1. Per residue, what volume in Å³ does the Cα convex hull of the stretch A:7-247 take up?
2. Pop a pseudo-label 7 angstrom from the Cα along the beta-carbon direction at both residue A:328 and residue B:94 and give the gap in nm to one decimal.
3. Find, to one decimal place in angstroms, the Kirkwood hydrodynamic radius of the stretch B:17-111, where the mean of 1/r is taken over every pair of different Cα atoms and then inverted.
4. To the nearest whole percent, what portion of all C-alpha pairs in the stretch B:17-58 is separated by more than 16 angstrom?
5. Suppose the chain between residue A:194 and residue A:176 were pulled fully straight at 0.36 nm per residue; how much longer would it get relative to their current alpha carbon spacing?
6. Holding the Cα-Cα limit at 23 Å, pick out from A:125/A:307; A:52/A:303; A:119/A:233; A:119/A:303; A:204/A:360; A:120/A:193 the pairs that are longer than that.
7. In whole Å, what are the extents of the stretch A:277-347 along the principal axes defined by its C-alpha atoms, from largest to smallest?
8. Counting only residues 5 or more places away or on other chains, whose amide H sits under 5 Å from the amide H of residue A:126 once H atoms are built in the peptide plane?
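Derivation of every value follows stated rules applied to the coordinates shown; laboratory data play no part. This one's a predicted model, so the numbers in the text were calculated from it and none came from an experiment. Note: ideal-geometry Cβ built from the backbone for every residue, glycine included; neighbour counts use all protein chains shown.
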Amino acid sequence: MKKNLTEGQRLTDMPVRIPYNGTFELTVRCNLHCKMCLFRHDDSENPALMAKELTADQWIDMARQVAEAGTLNLLITGGEPMLRPDFCEIWEGIYRQGFILELYTNATLVTPKIMETLKKYPPHKIGVTLYGATPETYEKVCGSAEAFHRMMEGIHQLQSLPSVMEFRVTLIKDNFAESDLIDDLIMEEFHAKCGPKQSCPINKGVRGACADVESCRVSPELDMEVKAKRLVKSMQQIIGDRFKPQNLKIERKNNSLAVNNEQKMHPSFFGCMAGMEQYVITYDGKLLACQMIDAFFTDAWEKGFQKAWEEFPTKVSIPYEEGRCSTCAYTDTCQSCYGSRYAETGDFNGCSDYIYRTAKARKQYESYFGGIDDEKCKL
Amino acid sequence: MEKRWEEPSFKETPCEPKECAETFQAKDQYIHRKVAGTDVLISVCENVANFNGYIQLNPSAACLWEQLKEPSTCEQLEQSLETAFGIPHDQAVEDVLDFLKELKEHDMVIVR
């Protein structure tokens, strides 16, 4: 926050915040051991984590509370949510409250019982993460070759649902060479209408996650190159031959703390809608603005969702540093946010070599397109 | 018997005789709830791919949808609108017909 407001002032000065978009993180545990996972803890912590996880009844009650508070879109995620033995019970209980539901999964734990539940109560959208195009790569990235076969079978089963399916991929050193093969798998085996979403940049682990992301992620330059090529390919698939990358003009939106949109100021905590319209309920019932940032939270289970949501603004305190990035040549292409900077450096306003090179690489690949409309890109 | 000429005239009937005898019930593939004071229908079950997931209802549509949770005749639906909004009977008739037409077109209602 720019101004140092008192707790009372923050609440009275705060515009109406409605929690339209929620995320329920059913667990941070996962059956896979992906080297770059943001959230997974070491397996030795599982008993302690499980002891803190909300029960099925608590999740269903939380769904009732968030529906009452105005949540329309709800993402069910993990860790791997299907790892919970009571996943079906939780899913059905949440579903009956009436949300636009999205499910994130690695598709390796799709059992007949889960399919029976999902057929009865299909999500509106399923986001599936893919880590490779071969068992060998799954072994390297996730620690399980068998998971590849289970993922293939799981996705085929999930595709029998009327849900929209979106594929996601994170490229690290171990699966980078398979980037095109992963795309082919998605397009040919699963007949997707467009390629996968690529997570880029790859953030370091947060909230006690055990992954050593730095040692496995590829350079920002390589990552951005593949991302830019994938973007062009996917546009070509959608638009066809009429699409000419060189004719594209890039306009940039101001992503500063207060966004001036149609003459209306939209205050925010983190330069996005986190904490204003969106929130996360963690596996142990805490309310966060963003799954990446646990520095500010209220206890949604102890206090009740509505109270926790109302009190959240009093917990946020980000030091304002004017001119921190003013000497950087790549501020216009830097897409780092408070969450990613905090994950990367432990400082909300911090910068690292990785963040800097990512912004620089993005600038380089944007010039591959027709060019940047400098006038419109002035911040 | 010789037919007497009459000036052509149209008289709208409250609803088609067939529809009067029919009952209508909302399909259970929609969940009606409020989101920040606005009534919405969330498409669920095999309907998830429809309407981008949800439809916004105005207050009169929300009133009719609630009535349609039970099998209802046109007359009952018209009565609901008249009671809730104090509108003239003719307007209620027209609104119910329009609404039922929409619901039937989108296969959102069971007709018996």
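1. In the stretch A:7-247, the Cα hull volume divided by residue count equals 177 Å³.
2. With each label placed 7 Å out from Cα toward Cβ, I get 6.0 nm.
3. Numbers: mean 1/r = 0.0735 Å⁻¹.
Taking every pair of different Cα atoms in the stretch B:17-111, averaging 1/r and inverting gives 13.6 Å.
4. Tail of the P(r) past 16 Å holds 46 percent of the pairs.
5. 4.5 nm
6. Over 23 Å Cα-Cα: A:125/A:307; A:119/A:233; A:119/A:303; A:120/A:193.
7. 46, 21, 21
8. A:103, A:164, A:165, A:166
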